[in-house]
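Working notes for the structure below.
The values are calculated or read from the model by the stated rules, or taken from the named source; none is laboratory data. Nothing here was measured: the structure is a model prediction, and the numbers come from that model. Cβ: placed from backbone, ideal geometry, glycine included. Neighbour counts: every protein chain shown.
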Amino acid sequence: MGVNGHQAEVTRHGDSLPYVPSPFSRDQLSPEMRARYGMDRRPIGTWIAATVLIVAFVGALAFVAVGVTGNPIEFRLVSWKVIGPDRVDVTFSVSRPADSTVTCIIRAQDENRIDLGYAVTEIPAGTTGELITYPLRTLAPAFAVELLGCSVDGPPGVAPPQFPPSVVPPGQPWSAS
């Protein structure tokens, strides 16, 4: 029941009326007027929602900052050349701290984006910048070659090999035997 025994009519307008701010502050009105005009509640839900959004935004920024600064190495595919029907030479550069062992993943695919060769290679600690040529064994001549990623703390989190069912990935690296 509302103020002085009257109940507000909600059936005619419902929520279709726009919100109009009051020219009065809460403390200028009597308790009955605050209850009648819906000013008896504090906007605690708004404060909670704003706090949750701010915390989520700061958390997302921290996650991105850690991801950007987390890998102390740089890697780049320089070139690749099909040497034969079962071999492609992949040349890539790695810049890293001299005392770090780096794990890189290389993939060769055909024109349908089906894997032909996939290798996890480990580069031992050495100089800070290296140019590496890796002989990748393939099932057929490669159409595309990718350096999927490099990491100093184990294999990088990249896509696993995507060979068709019942196709055995070729052994790595390529050798003349």
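Restricting attention to region 52-92, and to residues there that are acidic (Asp, Glu) and surrounded by 12 or more Cβ atoms within 10 Å (Cβ to Cβ), which single residue is nearest to residue 124 (Cα to Cα)? Please lay out each step first, then the result.
Initial filter on region 52-92 (acidic (Asp, Glu)): 74, 86, 89.
Applying the additional criterion that residues be surrounded by 12 or more Cβ atoms within 10 Å (Cβ to Cβ) yields 86, 89.
Values: 86: 26, 89: 19 Å.
It comes out as 89.
For region 110-123, give me each residue that is under 24 Å from the mean Cα position of the chain (by Cα), part of a strand (DSSP E or B) and over 18 Å from residue 74 (Cα atoms).
Correct list: 115, 118, 119.
With the checklist (1) outside any loop (DSSP other than H, G, I, E, B); (2) more than 21 Å from residue 97 (Cβ to Cβ); (3) among the aliphatic types (A, V, I, L, M); (4) modelled with pLDDT under 90 in hand, flag the one item residue 39 doesn't pass.
(1)
What is the number of the single condition among (1) under 20 Å from residue 157 (Cβ atoms); (2) without any contact (Cβ under 8 Å) to a residue 12 or more places away in the chain that residue 47 does not meet?
(1)
Out of 138, 133, 103, I need the residue that is within 19 Å of residue 67 (Cβ to Cβ) and of a type in the set (S, T, N, Q). Which one? Steps first, please.
Values: 138 fails: within 19 Å of residue 67 (Cβ to Cβ); 133 fails: within 19 Å of residue 67 (Cβ to Cβ).
Residue meeting the stated conditions: 103.
May I ask you to say which residue of 156, 160 is under 23 Å from the mean Cα position of the chain (by Cα), within 25 Å of residue 99 (Cα to Cα) and either outside any strand (DSSP E or B) or assigned by TED's automatic domain parsing to the domain that holds residue 105 (or both)? Full working, then the answer.
Details: 160 fails: within 25 Å of residue 99 (Cα to Cα).
Exactly one of 156, 160 is under 23 Å from the mean Cα position of the chain (by Cα), within 25 Å of residue 99 (Cα to Cα) and either outside any strand (DSSP E or B) or assigned by TED's automatic domain parsing to the domain that holds residue 105 (or both), namely 156.
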